[in-house]
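Undergrad: Quick one: structure below, then a few questions.
The values are calculated or read from the model by the stated rules, or taken from the named source; none is laboratory data. Keep in mind that what you see is a predicted model, and the values were worked out from it rather than measured. So basically every Cβ, Gly included, is an ideal-geometry build from the backbone, and we count neighbours across all protein chains shown.
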Amino acid sequence: MGPLTGYRVIELAGMGPTPFGAMMLADMGAEVITIERQPGFPGLRPVDPTLRNRRSIVVNLKKPEGVELLLKLCESADALIEGYRPGVAERLGLGPDVLLARNPKLVYARMTGWGQDGPLAHTVGHDINYIALSGALEKMGRDAGRPVPPLNLVGDYGGGGMFMAFGIVCALLEAQKSGKGQVVDAAMIDGAATLMAFLYGFEKNGFYMPYRNRGSYLFGCSNHFYYTFECADGKFVSVGALEVQFYLEFIDKLGVDKTEFESQWLGSPDQDVLKIPALEQKVAAAFKTRTRDEWVKIFEGSNACFAPVLDIQEAAQHPHNVARKTFLEVDGLLQHAPAPRFSRSTAEAPDVPRVPGEDTDNVLASFGYSADTIAAMRASGVVAG
């Protein structure tokens, strides 16, 4: 059983970071019950691993009886997750004051882009906007060109859902001591700013190269020893040879002129940063002489900090990932295995996502509602599924 077994979480269905954070908790064994707005089509399961490992119930929160039902469900819950704009839950009669009055130990997690307060709190936005205002997006890309947004991993998932899940677990631990719940204000802009922690020191200490702007820091895209390179077959490899011993092995395996490269490792007293663009071009030309898989054979087992750039299907078949069981298939859908891993509290294999409302009757019955009461709630439109 996972380390969060025994905890119950009520999730008001949302998008992006909200279900991702709920998945993190569910993967670790928490009982997650998702409250949906509309029933799905029987047999048509969502193709989305972030919706795995929970039960689904449809409740009409526009009806007072639906609101009361949710309040009853939360009386025995440890946490609630909502991803509405600030004030929406309050207008539904489901704000933290109401829920904490019914369950003083409840952890009430609120997932938004801008946070619960501030001038932009009620403004719409998406991942790219939140990481832009956090300072993260400005650092992504090359030279003086426009910033290049990454996949929505920094705002939505890393800075959003994962920080929300972390906040929930922190609040649950605190509640064990204090006996009191609290509100967790998880904002993607805050999370993205936190993920930038190491760069604040870089900027203060001037770790930017004088001939370039964007990307000209240690882990940016302006080094011949820390970048991706195209191979003869159009596929790519990655290099991260920062330390001198790894750098020297890298240039040895690559087969470039050592006399030109050997003193240009990071931090070398003889490093000439003005030479980096030319050195990068020569590294790029060298990699173009062989296919990606040919380079893999050359670098395999070395300490050159080298790895091929794989797509998802290739990643699932890589021997290292196979050995660690990093990926698995659930109902024919390739996806990640639960992470992180624990020595004793082993997470169970993921379950398929539920059709919205698939578990309405079972969930209500588990809370003590009779078949007649459930039928009456269905007839009046309070629940569905």
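Undergrad: For a quick check of your reading of the model, give me the residue pairs whose first member lies in the stretch 357-385 and is outside any helix (DSSP H, G or I), whose second is among the basic types (Lys, Arg) and surrounded by fewer than 21 Cβ atoms within 10 Å (Cβ to Cβ), with beta-carbon atoms closer than 8 Å and at least 6 apart or on different chains.
TA: What qualifies is Glu358/Arg55; Asp359/Arg55; Phe367/Lys72; Ser380/Lys63; Gly381/Lys63; Val382/Lys63; Ala384/Arg378.
Undergrad: Does the stretch 235-255 hold any residues that are among the charged types (D, E, K, R) and either closer than 17 Å to Glu300 by Cβ or not in a loop (DSSP other than H, G, I, E, B) (or both), and which are they? Lay out the reasoning, then the answer.
TA: Restricting attention to the stretch 235-255, the residues satisfying the condition of being among the charged types (D, E, K, R) are 235, 243, 249, 252-253.
Listed by number, the residues that qualify are Lys235, Glu249, Asp252, Lys253.
Undergrad: Does at least one position in the stretch 50-67 carry a residue that is farther than 20 Å from Leu364 by Cα and out of contact with any Pro (no Cβ under 8 Å at 6 or more places or on another chain)?
TA: Within the stretch 50-67 (the criterion being farther than 20 Å from Leu364 by Cα and out of contact with any Pro (no Cβ under 8 Å at 6 or more places or on another chain)), the answer is no, since none of the residues qualifies.
Undergrad: Of all residues in the stretch 17-44, which are assigned to a loop (DSSP other than H, G, I, E, B) and modelled with pLDDT of 95 or more? Working first, answer last.
TA: To start, the set of residues in the stretch 17-44 that are assigned to a loop (DSSP other than H, G, I, E, B) comprises 28-30, 37-44.
Residues satisfying the conditions are Met28, Gly29, Ala30.
Undergrad: Return the residues of the stretch 283-299 that are surrounded by 17 or more Cβ atoms within 10 Å (Cβ to Cβ), of a type outside the set (A, V, I, L, M) and outside any loop (DSSP other than H, G, I, E, B); say none if nothing qualifies.
TA: Phe287, Arg292, Trp295, Phe299
Undergrad: Also, I was wondering about something else. Regarding the stretch 257-264, can at least one residue be identified that is assigned to a helix (DSSP H, G or I), surrounded by 15 or more Cβ atoms within 10 Å (Cβ to Cβ) and on the phi < 0 side of the Ramachandran plot?
TA: yes
Undergrad: For Leu25, state whether it is buried (at least 24 other Cβ atoms within 10 Å of the Cβ) and in contact with a helix residue (DSSP H, G or I) (Cβ under 9 Å, 6 or more places away or on another chain).
TA: Numbers: buried (at least 24 other Cβ atoms within 10 Å of the Cβ): yes; in contact with a helix residue (DSSP H, G or I) (Cβ under 9 Å, 6 or more places away or on another chain): yes.
Yes; evaluated as a whole, the condition is true for this residue.
Undergrad: Could you tell me which of the residues Leu279, Leu333, Leu266 is in contact with a helix residue (DSSP H, G or I) (Cβ under 9 Å, 6 or more places away or on another chain), under 30 Å from Pro42 (Cα atoms), of a type in the set (A, V, I, L, M) and not assigned by TED's automatic domain parsing to the domain that holds Leu51? Break it down stepwise before answering.
TA: Values: Leu279 fails: under 30 Å from Pro42 (Cα atoms); Leu266 fails: under 30 Å from Pro42 (Cα atoms).
Selected residue: Leu333, the only one of Leu279, Leu333, Leu266 that is in contact with a helix residue (DSSP H, G or I) (Cβ under 9 Å, 6 or more places away or on another chain), under 30 Å from Pro42 (Cα atoms), of a type in the set (A, V, I, L, M) and not assigned by TED's automatic domain parsing to the domain that holds Leu51.
Undergrad: Please state which one of Thr346, Thr360, Thr373 is modelled with pLDDT under 95 and either in contact with an Asp or Glu (Cβ under 8 Å, 6 or more places away or on another chain) or surrounded by 12 or more Cβ atoms within 10 Å (Cβ to Cβ) (or both). Talk me through it step by step, then tell me what you get.
TA: Values: Thr360 fails: modelled with pLDDT under 95; Thr373 fails: modelled with pLDDT under 95.
Unique residue meeting the criteria: Thr346.
Undergrad: Determine which single condition Glu11 fails, assuming it passes every other condition in (1) farther than 20 Å from Val383 by Cα; (2) in contact with a strand residue (DSSP E or B) (Cβ under 9 Å, 6 or more places away or on another chain); (3) surrounded by 22 or more Cβ atoms within 10 Å (Cβ to Cβ).
TA: Condition not satisfied by Glu11: (1).
Undergrad: Among Met162, Met111, which is the only one that is under 30 Å from Lys63 (Cβ atoms) and either in contact with an Asp or Glu (Cβ under 8 Å, 6 or more places away or on another chain) or in contact (Cβ under 8 Å) with a residue 12 or more places away in the chain (or both)? Break it down stepwise before answering.
TA: On the way: Met162 fails: under 30 Å from Lys63 (Cβ atoms).
Result: Met111 is the single residue among Met162, Met111 that is under 30 Å from Lys63 (Cβ atoms) and either in contact with an Asp or Glu (Cβ under 8 Å, 6 or more places away or on another chain) or in contact (Cβ under 8 Å) with a residue 12 or more places away in the chain (or both).
Undergrad: Filter the stretch 357-373 down to the residues that are of a type outside the set (Gly, Ala, Ser) and farther than 16 Å from Ile35 by Cβ and list them by number.
TA: Across the stretch 357-373, the qualifying residues are Asp372, Thr373.
Undergrad: Mind checking whether some residue in the stretch 132-143 is touching a residue at least 60 places away in the same chain (Cβ under 8 Å), over 30 Å from Glu280 (Cα atoms) and of a type outside the set (S, T, N, Q)?
TA: Checked against the condition, which is being touching a residue at least 60 places away in the same chain (Cβ under 8 Å), over 30 Å from Glu280 (Cα atoms) and of a type outside the set (S, T, N, Q), the stretch 132-143 yields no hits at all.
Undergrad: Please indicate, with yes or no, whether at least one residue in the stretch 100-114 is more than 23 Å from Ser178 (Cα to Cα) and surrounded by fewer than 17 Cβ atoms within 10 Å (Cβ to Cβ).
TA: Keep residues of the stretch 100-114 that are more than 23 Å from Ser178 (Cα to Cα), which gives 111-114.
Cutting the leftovers down to surrounded by fewer than 17 Cβ atoms within 10 Å (Cβ to Cβ) gives us none.
No, because not a single residue in the stretch 100-114 is more than 23 Å from Ser178 (Cα to Cα) and surrounded by fewer than 17 Cβ atoms within 10 Å (Cβ to Cβ).
Undergrad: Please note which helices (runs of 4 or more DSSP H) are completely contained in the stretch 125-208 and include at least 1 residues that are within 15 Å of the chain's Cα centre (by Cα) and surrounded by fewer than 20 Cβ atoms within 10 Å (Cβ to Cβ).
TA: Values: elements: 127-134, 162-178, 188-195, 197-204.
It comes to 127-134, 162-178, 188-195.
Undergrad: How many of the residues making up the stretch 105-124 are over 19 Å from the mean Cα position of the chain (by Cα), of a type in the set (A, V, I, L, M, F, W, C) and either within 10 Å of Met188 (Cα to Cα) or in a loop (DSSP other than H, G, I, E, B) (or both)? Explain how you work it out, then say what you get.
TA: So in the stretch 105-124, the residues over 19 Å from the mean Cα position of the chain (by Cα) come out as 105-108, 116-124.
Applying the additional criterion that residues be of a type in the set (A, V, I, L, M, F, W, C) yields 106-107, 120-121, 124.
Then keep just the ones that are either within 10 Å of Met188 (Cα to Cα) or in a loop (DSSP other than H, G, I, E, B) (or both); that gives 106, 120-121, 124.
Final tally of qualifying residues: 4.
Undergrad: For residues in the stretch 231-251 being more than 15 Å from Ala285 (Cα to Cα) and charged (D, E, K, R), which is surrounded by the fewest Cβ atoms within 10 Å (Cβ to Cβ)?
TA: Glu243
Undergrad: Could you list, in sequence order, the residues of the stretch 134-172 that are over 17 Å from Gly115 (Cβ atoms) and β-branched (Val, Ile, Thr)?
TA: Val148, Val169
Undergrad: List, please: which pairs have Cβ atoms under 9 Å, are six or more places apart or on different chains, and start with a residue in the stretch 310-336 that is in contact (Cβ under 8 Å) with a residue 40 or more places away in the chain and under 17 Å from Asn53 (Cβ atoms) and end with one that is in a loop (DSSP other than H, G, I, E, B) and among the β-branched types (Val, Ile, Thr)?
TA: The qualifying pairs are Val330/Val352; Asp331/Val352; Leu333/Val47; Leu333/Val352; His336/Thr326.
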